[in-house]
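First up is the structure itself, then whatever we jot down about it.
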Amino acid sequence: MISTKLTELLGIDHPVVSAPMGSVSGGGLAAAVTQAGGLGLVGVSYGDAAFIDEHVGYAAERGGVWGVGCVMFTFDERPGLWDKVLGYAPPVIALSFGDASQVRRYVESAVHSGAQVVVQVHDTEQAAVAARAGASVLVAQGAEAGGHHKTQSTLPLIPAVLDVTQGAVPLVAAGGFADGRGLAAALALGADGVMMGTRFAATEESLATAGFKATLVSAATTDTVNTRSFDVVRGIPWDTAYTARSVGNSFTRTWSGRDAELAAARAEVEPEWVAAVARDDTSQRAMFAGEVLDLVHDIRSAADVVRSTVTEAETALARLGPLLHTS
């Protein structure tokens, strides 16, 4: 068993966290990861009352150390939903994508609710803000991640954030992790665990559609693209500092790099796009996935992903032992 500051703080068995991917990370996935000894997070990214009641409610009923992931700027636009999340008393609240004032406000509220508060950061400035705000755990997410990210790669970001925080709070590495080799590497860099998204999207318990899951298994890392087109067609006001990594398809080939044109044509394009998503048309729908796609070859149970990740990490770390020599 691998014990770190993260497992000790949260009282979990394994330093493995499932990313709170909106519309993918439901209560079933979060509960399965938690029951396997990791930290399962329900993704309520854009705030939907019915989704919260169904999936956060399910995770709460199953118990253990579980959490909810909230995108701060979107919750500001949906009054009442933050209180709805807090009403389920999640032991962990994971916050992402907010400015400094939002970080301070949401962290304070989450701490007041009694939760351990995880804040995702993408550079050292954000790390300093989150640490000062009172975050219990930081997640350093690199540009290898699926979905929204900034530009710095995970490998240099982890030690840079550690230098800023001086190890005052546990650090979880995200972006580029799908197995135990990645967990071992993250631990070697000084992180206390990993957050994995794409690998957990390709599990039996994931809410990803059949077409999405089939694509995750068949696509390669070189098939991914960074795009804003899915944000533009949905009318979601993402900061331009962020792009989203997705499996490329006909939609991205048509619209990536043409944000202004897509925004102008949105009234015409969006209804057709929504209909395509509803029928799981993988040539059109968003399929957020990271640079780990070359490592994802099957659909497995979430519990198996947790167990194999830890076992592989233990093997990798043990293999390093004979390489160490003292003079």
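Here is the figure for region 158-185: residues that are more than 15 Å from Thr311 (Cα to Cα), among the aliphatic types (A, V, I, L, M) and part of a helix (DSSP H, G or I) total 5. Scanning region 190-227 for residues being closer than 22 Å to Gly142 by Cβ and over 18 Å from the mean Cα position of the chain (by Cα) gives a total of 5.
Which helices (runs of 4 or more DSSP H) does region 1-78 wholly contain that include 2 or more residues that are aliphatic (A, V, I, L, M)? The helices (runs of 4 or more DSSP H) meeting that bar are 5-10, 27-35, 57-62.
Each row is one residue, and each column tells you yes or no for (1) surrounded by fewer than 22 Cβ atoms within 10 Å (Cβ to Cβ); (2) β-branched (Val, Ile, Thr); (3) under 28 Å from Thr311 (Cα atoms); (4) touching a Leu at 6+ places or on another chain (Cβ under 9 Å).
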| site | (1), (2), (3), (4) |
| --- | --- |
| Glu8 | yes, no, yes, no |
| Pro15 | no, no, yes, yes |
| Gly40 | no, no, yes, yes |
| Val44 | no, yes, no, yes |
| Val68 | no, yes, yes, yes |
| Arg78 | yes, no, no, no |
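Every condition in (1) touching a residue at least 60 places away in the same chain (Cβ under 8 Å); (2) closer than 18 Å to Leu95 by Cα holds for Val56 except the one numbered (1).
For region 253-267, check the following and say yes or no: at least one residue is hydrophobic (A, V, I, L, M, F, W, C), surrounded by 17 or more Cβ atoms within 10 Å (Cβ to Cβ) and under 30 Å from Gly98 (Cα atoms). Yes, region 253-267 contains at least one residue that is hydrophobic (A, V, I, L, M, F, W, C), surrounded by 17 or more Cβ atoms within 10 Å (Cβ to Cβ) and under 30 Å from Gly98 (Cα atoms). Being within 21 Å of Met195 (Cα to Cα) and either modelled with pLDDT of 95 or more or more than 18 Å from the chain's Cα centre (by Cα) (or both) holds for only one residue in Glu61, Glu77, Glu54, Glu125, and it is Glu125. Condition check: surrounded by 19 or more Cβ atoms within 10 Å (Cβ to Cβ) and either over 20 Å from Ile236 (Cβ atoms) or of a type in the set (D, E, K, R) (or both). Does Ala89 satisfy that? Criteria not met by Ala89. All conditions in (1) polar (S, T, N, Q); (2) within 27 Å of Ser229 (Cα to Cα); (3) in contact (Cβ under 8 Å) with a residue 24 or more places away in the chain hold for Ser109, with the sole exception of (2).
The conditions of being of a type outside the set (Ser, Thr, Tyr), outside the structural domain of Thr243 (by TED's automatic domain parsing), surrounded by 19 or more Cβ atoms within 10 Å (Cβ to Cβ) and outside any loop (DSSP other than H, G, I, E, B) are not met by Leu155. For region 172-218, the tally of residues that are touching a helix residue (DSSP H, G or I) at 6+ places or on another chain (Cβ under 6 Å) and over 27 Å from Arg279 (Cα atoms) stands at 15.
The values are calculated or read from the model by the stated rules, or taken from the named source; none is laboratory data. The structure displayed is predicted, hence computed values, not measured ones. A quick note on method: Cβ atoms are made from the backbone with ideal geometry, for glycine too, and the neighbour counts reach across all protein chains shown.
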